[in-house]
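Notes for the one structure printed next.
Derivation of every value follows stated rules applied to the coordinates shown; laboratory data play no part. In this text the structure is predicted, and so the values were computed from the model without any measurement. Positions of Cβ are generated from backbone atoms using ideal geometry, with glycine treated the same way; all protein chains shown enter the neighbour counts.
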Amino acid sequence: MRVRGLSSDKIEIRSIEEQQLERIHKYQNGELRQELSEFLEYNFPWAPMSINQIKAKIDEFLKEERNLLFGIWSKENEFIGLAYYIASWDTWSPFFSVIIWPEYRRKGYGSEATRLILEAAFNQSIGHAVSVLVPEWNLAGIAFLESQDFKRAGTQRRTGIIDGKFYDGFFFDILRDEYLSRHSRGVDP
Amino acid sequence: MDNLVGKLIRLRSLQDSDYDYIATLRNDLRTQAWNQRLPPCFTPQMIKEHLEERFKKENRGVFGIETREGKLVGYLNYHEDPPRFAATVGLSTGIGYWGKGYAKESMELILRFLYEERGVQVVRLWTWSGNERMIGLAKKLGFLTSATLRESSILKGKPFDTLMMDMLREEFFKSRGLKEELGVSRK
C-alpha cells in the first residue's frame, strides 16, 4: 500500500479541531477515562474532565513546537481515534501513542495509524529510534506493539496507581532498520 | 531533615552571579545535558531565562551546588510528575570538581528531600550508555537500570542507548538503614 502523507486506503490522519473535543470528552467521561487521562497526561485519571479541561491540556501539550497531536479518521470519514507524536526532546528519537475508540478496535486501524506514523518518523523525517510507553494493564496495547515488531526496552516502575495498586509502564522501541526490514518482509502491504 | 546541607556541599537557590558559571557548564559538551548535544553558545542571560521559566512552576526545583567554602561547582534540578508520586532528577558539575564526592552528596541530599519531605514513591534519572560516571554514581546511590532505549542518543558521531534508571521508595530507605514510616503500600 502506497503511503500518501498521513493517508492510506484505510485511514487518514488529520489535525484535531474544536469539533472533535466533544467526542474526546465523551470517551474520557466514559469507558476510556483511564486511557485518555494517560494519553492527555492528566494527573487524576479517575476524574472526569470537562471539555475546557481537555482543551487546556491539548493546548498545553501543543505549546511545544515539536509535540504533535492528530485525529484518526476512517475512509468513511468516521473520527476513530487519536495519536500523539513527541519529538520535543529529540527528533532523532521521538515517542508516540495511538488510541482507537473501542467500537473501532480489532479492525486494523491502530496498526495502520502506527504504520503511517512510523513512515513519517523514519522516512519523512530524521527519526532513528521510536519509542512507546504503555501501562502494564494495557494488554491489548502490549500485544499489538509486539505484533508490530517493537522490542521491549524495559520498565518504568511505578507509573501510576489503579485499583489500590501501583502499576508499571513498559517501554517498547523500534529502530529504522527494523521498520524497513519489516516492510521488505512484506509484513505491511 | 532541616535543610539541604551536607558535609561537603549545600544546595541553595541560584543567584544572578551564578549564571556565568552555569553557562560554562551548558557550553561544555561534556557537562551540558544527559543525552543531547546543544549548541555551545548559551549566554548567561539565556540560561537564566530558560531556568527561571522552566522551574517557576510548582513541584520543580533548581539549586546551585555550593561547597561549604562558598564555591559554586554545579547545579541540580528535579521535577515531580505527578506531584508527591514520581520525581526525575538531573545534575551537572564542572569537570574540575569531578571525583570529589560533590555530585554524590548533592544527589543524596535531594533524594532525602524527595523521599522524606515530599514523600515520593520513585525517583528516576535519564542518562546515556556511554556516561560511565553518571551510571556508576547512580548505581552507588541505589538506582537500577530499568529501561534501555536503543540507539536513541547521538554523541561523538555514534548512536548510544538512553538509560532510564530508577529507585523505589522502599529501596531508598532499606539501602540506607532508615525506617520508612509512611506505610504506603500498594503492591
Next item on the list: Evaluate 2.2 N^0.38 Å with N set to the residue count of segment A:11-184, then give the Cα radius of gyration divided by it.
Entry: 1.00
Next item on the list: Please give, to one decimal in nm, the separation of the simple spin-label points placed at A:Lys151 and A:Leu62, each 7 Å out from Cα toward the Cβ.
Entry: 3.6 nm
Note to self: Please give the charge dipole size of chain A, origin at the Cα centre, charges +1 on K and R Cβ atoms and -1 on D and E Cβ atoms. Round to the nearest 20 debye.
What the structure shows: 280 debye
Notebook entry, point to check: For B:Arg112 and A:Arg182, what does the FRET efficiency come to when R0 = 41 Å and r is the distance between their Cβ atoms, rounded to the nearest 0.05?
Noted result: 0.30
Check: Total Lys pairs in segment B:1-114 closer than 24 Å by alpha-carbon, pairs eight or more apart in sequence or interchain only?
Finding: 8
Note to self: Using a 10 Å cut-off around each Cβ of peptide B:140-151, what is the average number of partner chain Cβ atoms that fall inside?
What the structure shows: 5
Margin query: Below 8 Å, C-alpha to C-alpha, sequence gap of six or more: please give me the relative contact order for chain A in percent.
Written below: 16 percent
Notebook entry, point to check: Applying the Karplus parametrisation 6.51 cos²θ - 1.76 cosθ + 1.60 with θ = phi - 60° to the phi angles of segment A:101-111, what ³J(HN,Hα) value in whole Hz is obtained for each residue in order, glycine and proline being reported as x?
Noted result: 4, x, 6, 10, 7, 6, 10, x, 5, x, 4
Notebook entry, point to check: What is the ratio of the Cα radius of gyration of segment A:1-107 to 2.2 N^0.38 Å, where N is its residue count, to two decimals?
Noted result: 1.07
Note to self: Please list, by residue number, every one of the trypsin sites (Lys or Arg not before Pro) in segment A:77-143 that is coil in DSSP and has at most 15 other beta-carbon atoms within 10 Å.
What the structure shows: A:Arg105, A:Arg106, A:Lys107
Note to self: Need one value for B:121-133: mean number of C-beta atoms belonging to other chains within 10 Å of its residues' C-beta atoms.
What the structure shows: 1
Next item on the list: Please report how far the C-alpha centroid of segment A:31-108 lies from that of segment B:1-68, rounded to the nearest whole angstrom.
Entry: 33 Å
Checklist line | Whole-angstrom Cα spans of segment A:129-184 along principal axes, big to small | finding: 45, 18, 10
Notebook entry, point to check: How many percent of all Cα-Cα pairs in segment B:1-125 sit more than 21 Å apart?
Noted result: 38 percent
Margin query: Show me the three semi-axes of the equivalent ellipsoid for the protein assembly as shown, from the C-alpha gyration tensor (sqrt of 5 times each eigenvalue), largest first, rounded to whole Å.
Written below: 38, 24, 20
Next item on the list: Only loop residues by DSSP count here, and only those with at most 15 other Cβ atoms within 10 Å; note down the GluC sites (Glu not before Pro) in segment A:9-78 that meet that.
Entry: A:Glu17, A:Glu31, A:Glu41, A:Glu64, A:Glu65, A:Glu76, A:Glu78
Item checked: About the Cα centre, charge dipole magnitude for the protein assembly as shown (Lys/Arg +1, Asp/Glu -1 at Cβ), debye -> 940 debye
Item checked: segment B:141-172: trypsin sites (Lys or Arg not before Pro) in DSSP loop, at most 15 other beta carbons within 10 Å -> B:Lys156
